Each structure stands twice: as C-alpha cells, then as structure tokens.
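Asker: Sharing a structure here in structure tokens format.
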Amino acid sequence: MADDRDEATLCYPVRSDLPLAPDDELLMIHKRRGLGADLYNGPGGKVEPGETPRESAVRETREETGLDVGDLTKRAEFDFFFGEEHIFLCHVYVAREVAGTPETTPEAVPEWRSRESVPYDEMWPDDELWLPQVLDGGTVRATFYFDDDGDELLDHELREGVEFSEK
C-alpha cells in the first residue's frame, strides 16, 4: 500500500462502557449525502491535512451531529478497495465521553440506537463482520474488497485482537 493513501475515520459515541449490553446505546447516523448516502454508519469522514485521525474523528462527529466527544479509543483499522483501487484507510474509534444533544445536519441524521437495534441490513455489508467485535470491546484489523462500484463485498481479510499504536 502507498504511504500517501487517503485516510478516513469513523467514531461511535457510546453511553456505556464496552462491551455494550443489548440495551446499551451507541450513536449512529443515517447519511444524507456522499459516500454511503442512505446508509447507517458512525459519524466520520476524511482526515484533513495536518490533522491526526483522532482529531478528525472528533471534528467529524461535531460537524455531523453537533456532539462533542472525548475519551476516544481506537478499536479498528481497515483498508477498503473498490476493484483494484485503494479507496482509503479507515480508523475506527469509540468515544465514551459525549456532550450535547444530537442535531440533524446537511450531512446526517443522528440517532441513539440500542445495540440490539443496530440496522445491519441498512449498513455497508462489511459492518456486520467487525462492528459486533468492537461493541464487545475487541479490536479488529481488516481489508475489505468490494466490486468496482463499491456495491458488493467480494472478499475480506480480518484479524481480531490487534494492538494499535495511536496516531
């Protein structure tokens, strides 16, 4: 992989410690535009020049939901390919400190969801492979291979229990 690959983040604010019980809540967004429009996900987006992935996760969560988050822990890291093209490296965080009230923005409609009501059938197809492990308190490193359009998950490589050096 190239060292200059695009980087992105996802952040899942939670209202409990990990592992999340079935009734414990995490904040999800229903994306309104851009990559993943009409799907549920965590707040997130591209890492800006001069910004760390952690700083990006905090900024993107604020921009997409109006919430301020803290006490972030990196729980996952993925490479995404659409056909032969490496789309980005994604850093996934869980935030245990949450301040404010979620607000709808041009980018997203945020909503608190119980763990048992995570809408996997309305998410990226890879999410069901890794999000349960993260919500159980685990860590994941994976590579996901989609078709050229990013519509169909063709293959994946996934390792659990990895350690991350914070970046």
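Asker: Multiply the residue gap between Thr73 and Asp136 by 0.36 nm, knock off their C-alpha separation, and tell me the result in nm, one decimal place. Show your work: numbers first, answer last.
Answerer: Values: separation 63, 0.36 × 63 = 22.68 nm, distance 1.35 nm.
Length gained, Thr73 through Asp136: 21.3 nm.
Asker: Taking the Cα centre of segment 67-151 as the origin, how large is its charge dipole in debye, to the nearest 20, when only Lys and Arg (+1) and Asp and Glu (-1) carry charge on their Cβ atoms? Show your work: numbers first, answer last.
Answerer: Details: 6 positive and 21 negative charges, 129 e Å.
It comes to approximately 620 debye.
Asker: Ignoring ligands, DNA and RNA, what accessible area per residue does the chain give at 1.4 Å, in Å²?
Answerer: 49 Å²
Asker: Let's see if you can work this out: charge +1 on each Lys and Arg Cβ, -1 on each Asp and Glu Cβ, no other charges. What is the dipole magnitude of segment 4-46 about its Cα centre, in debye to the nearest 20?
Answerer: Values: 6 positive and 8 negative charges, 61 e Å.
It works out to roughly 300 debye.
Asker: Taking each pair of distinct Cα atoms in segment 122-162 once, what is the resulting Kirkwood hydrodynamic radius in Å? It would help to have the intermediate numbers written out before the result.
Answerer: Numbers: mean 1/r = 0.0921 Å⁻¹.
Final number for the Kirkwood radius of segment 122-162 is 10.9 Å.
Asker: Relative to the present Cα-Cα distance, how much length would full extension add between Leu153 and His86 at 0.36 nm per residue of separation?
Answerer: The Leu153-His86 span can extend by a further 22.7 nm.
Asker: I've got another one for you. For Cα pairs less than 8 Å apart in space and 6+ apart in sequence, what is the mean separation divided by the residue count of segment 1-154, i.e. the relative contact order in percent? Walk me through the intermediate numbers first.
Answerer: Numbers: 348 pairs, mean separation 46.6, N = 154.
Over segment 1-154, the number comes to 30 percent.
Asker: Enter the angle in degrees (range 0 to 90, nearest 10) between the Cα long axis of helix 53-65 and the first principal axis of the Cα atoms of the chain, meaning the one along which they spread out most.
Answerer: Here the helix axis deviates by roughly 60 degrees.
Asker: Treating the beta-carbon of each Lys and Arg as +1 and of each Asp and Glu as -1, no other charges, what is the dipole magnitude of the chain about its Cα centre, to the nearest 20 debye? It would help to have the intermediate numbers written out before the result.
Answerer: Numbers: 17 positive and 42 negative charges, 139 e Å.
The calculated dipole for the chain is roughly 660 debye.
Asker: Quantify, in whole percent, the carbon and sulfur part of the accessible surface of the chain (1.4 Å probe; protein heavy atoms only). Working shown, then result.
Answerer: Details: 3510 of 8230 Å².
Solvent-exposed carbon and sulfur of the chain make up 43 percent of the total.
Asker: A further question on this structure: How many times 2.2 N^0.38 Å is the alpha carbon radius of gyration of segment 1-108?
Answerer: On the way: Rg = 13.9 Å, N = 108, 2.2 N^0.38 = 13.0 Å.
That ratio works out to 1.06.
Asker: Compute for segment 54-159: radius of gyration divided by Kirkwood radius, i.e. Rg/Rh, restricted to C-alpha atoms, rounded to two decimals.
Answerer: Working: Rg = 14.7 Å, Rh = 15.1 Å.
Over the Cα atoms of segment 54-159, Rg/Rh equals 0.97.
The values are calculated or read from the model by the stated rules, or taken from the named source; none is laboratory data. Since the model is a prediction, treat every value here as computed from it, not as a measurement. Methodologically, a virtual Cβ is constructed for each residue, glycine included, from the backbone with ideal geometry; neighbour enumeration extends over all protein chains shown. Surface accessibility is based on the protein's heavy atoms, side chains included, excluding ligands, DNA and RNA. Shrake-Rupley method; radii C 1.70, N 1.55, O 1.52, S 1.80 Å.
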